[in-house]
Amino acid sequence: MHPLRDKYAIAGTGKSPLGQVGLNSMALLEIAIQNALDEAGLTVKDVDGLVVRGADDIYAHHQVMAERLGIDVNFSTSLDNGGASQIMAIILAVMAIDAGMATTVVCGYGRDSWTRTHRNERARMGGNLVPDSQRPREHGPEFGHFGAVSHHAFGATRHMFEFGTTREDFAHISVAFREHALRNPEAQMKKPLTIDEYLSARMIVAPFGLYDCSLNSDGAGAVVVTSLERARDLRRRPVLIKGFATHNNTRGFIADDHMLVTGARKAGERAYAMAGLGPQDVDTAQIYDCFTYMVMAQLEDYGFCKKGEGGAFVRSGALRLDGALPTNTSGGQLSEAHVEGMLQIVEGARQLQGIYGPDRQVKDAEIALVSGHGGNQVCHSSLILGRA
Amino acid sequence: MLEYKKPIPVPSDESKPYWDGLHEHKLLMPKCSACGGHWFPPTQYCTHCRSKDWAWSQVSGKGKVFSFVVYHRVYHPGFVDEVPYAVAVIELEEGPRMLSNVVGVPAEQLVCDMPVEIVFDDVVEGVTVPKFKPTAL
């Protein structure tokens, strides 16, 4: 048995208000952290570790955040793996605690993407959250290639070509998550979505249309990581950290078979091994859904269906709350809010705490798989949580 | 001549020979003298075998569309009159993959693995952008 399995726990979770909030990302994260500490029955004085991330242009993010919280800490850093960072924060927290470097680590992420992309017409057109200084100046912009949507859409095109996947298959992902968001009062999206509405919406970067793309959101999330032993003495039912792993396709998203096989395949294999579990044991999945196709690719890579069979899997209704694999049960980044994977962790933990009413609770949820994906379709992190 | 409003590529210290080659209507790629492999974009060592012994070498300019997307949304004012336009990942016969545009074919007729060949687009004085068109059968 892996020595770290079931040794550490999530002791509290918190969110900020989500959507079109109009607060800066650091303020939102401060709110989410306070909510997570309150839920655990802890104060900032109990925190001796901080692993966080925000917008890419905030230098030494963890320093700015700790100063806001008014604390010195033994262990802190900010991360740079895009949407794979937030699970990696939990992994680092476990490693730091196990090494005796800290006892109680707060992990969190905040962004203000709705505000940033709605300041003026230029910001709206650019739609790009990467600072100008970090954007490529050759081998991309001269062709009219700008950023994240097409990075992921290339994979969707290739998947459709190799396996006969259709846009209607992708629609089933968006529609299932929207249905979940309608059960979540915190979610940014409030209106139902049908397959026909998905198909008739405007195209963004084909094959992706409007509803294949995650939201621009203001929002933050945070969790408290500590030993299971300590977590058992706190206010809420702890959530077991059973397994984790990362794998990064750092040869590049256009290299090898990376458009079709994400880092989830190798990260998932090792996370399952650490947890002593397999895909058949997962009761709910919280999958990083920057774009619909990425959900399908990861479902295949995590072994819920074979490579190329993701279309049939999502068409079966598997992702719905009453389906074989209730997925992104808060609405995900396509319909709750895009907080770069942090809310996937929060939702996975809350399903295992069993805090929801029957309209939203995954029945008898014992095991949750959470994924983080990012850095332009390259970095991947996996987290397997269990009911304590 | 109309004002060119799209982004002008800015060569790096490592990619300057690539852009100089394009200006002469030659597609150059790094080629390893030890293992014979090609790669792109340029690095200090061969990405296949880590040899330092390599040189810029002209390649065929032939390849295939590995994948593509069609931009409908405008992200830059220089593309207002271009949408919908295709951006593709081209896999060259010699192995490297590169981003480019596919021209000379309507976006809806594009398909993965379509054979293509390079066209040199002299966009402004001194700057040539590599694009691809379907290979004539």
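The values are calculated or read from the model by the stated rules, or taken from the named source; none is laboratory data. This structure is a prediction, so every number in the text was calculated from the model and none was measured. Quick reminder, even Gly has a Cβ in these numbers, built from the backbone with ideal geometry, and neighbours come from all protein chains shown. In case anyone asks, the SASA skips ligands and DNA or RNA and just uses the protein heavy atoms, side chains included. Shrake-Rupley method; radii C 1.70, N 1.55, O 1.52, S 1.80 Å.
Computed over the protein assembly as shown, the percent of Cα pairs more than 46 Å apart is 14. Each peptide in A:284-292, B:98-106 was scored by the mean count of other Cβ atoms within 10 Å over its residues; highest first, the order is A:284-292, B:98-106.
Database remark: amide H of A:T104 closer than 5 angstrom to the amide H of A:D48, A:G49 (H placed geometrically; neighbours at sequence offset of 5 or more, or on other chains; Pro and chain starts carry no H). In this calculation the C-beta distance from B:D53 to B:E24 is compared with R0 = 22 Å, giving a FRET efficiency of 0.35. Proximity of backbone amide H atoms, modeled 1.01 Å from N, is registered between B:V116 and B:G63, B:K64, B:V65, B:T135 at under 5 Å, excluding neighbours fewer than 5 places apart on the same chain.
Here's the list of lysines a cross-link from A:K266 could span, going by alpha-carbon distance under 24 Å and ignoring same-chain residues fewer than 8 apart: A:K7, A:K242, A:K306, A:K307. Each residue of the range B:31-43 was assigned a 3J(HN,Hα) from its phi angle through the Karplus expression (A = 6.51, B = -1.76, C = 1.60, θ = phi - 60°), giving 10, 7, 6, 7, 10, x, x, 10, 7, 6, x, x, 9 Hz with x at Gly and Pro. Listed by chain and number, the lysines whose alpha-carbon sits under 30 Å from that of B:K133, ignoring those within fewer than 8 places in the same chain, are B:K5, B:K6, B:K16, B:K26, B:K31, B:K62, B:K64.
Scalar couplings 3J(HN,Hα) for the range A:143-154, obtained by applying the Karplus form with A = 6.51, B = -1.76, C = 1.60 to θ = phi - 60°, are 9, x, 9, 10, x, 5, 4, 6, 3, 7, 5, 4 Hz; x denotes Gly and Pro.
Neighbours of A:G22, meaning other residues whose beta-carbon lies under 9 angstrom from its beta-carbon, give a summed charge of -2 when Lys and Arg score +1 and Asp and Glu score -1. Legend note: in the protein assembly as shown, cysteines whose Cβ sits 4.7 Å or more from every other cysteine Cβ are A:C107, A:C213, A:C290, A:C305, A:C379, B:C112. With each label modelled as a point 7 angstrom along the Cα→C-beta vector, the A:I355-A:D6 pair spans 2.4 nm. Surface listing: B:H72, A:H247 arranged by accessible area from highest to lowest gives B:H72, A:H247, probe 1.4 Å.
Our coupling estimate for the range A:360-367, obtained by passing each phi through the Karplus curve with A = 6.51, B = -1.76, C = 1.60 and θ = phi - 60°, is 9, 7, 6, 5, 6, 6, 10, 10 Hz, Gly and Pro reported as x.
Note on B:59-71: average number of Cβ atoms from other chains within 10 Å of each residue's Cβ is 5. State whether the range A:95-137 is rounded, prolate or oblate according to the following rule on the C-alpha gyration tensor (a ≥ b ≥ c being the square roots of its eigenvalues): a/c under 1.5 gives rounded; otherwise a/b larger than b/c gives prolate, and the remaining case gives oblate. Oblate.
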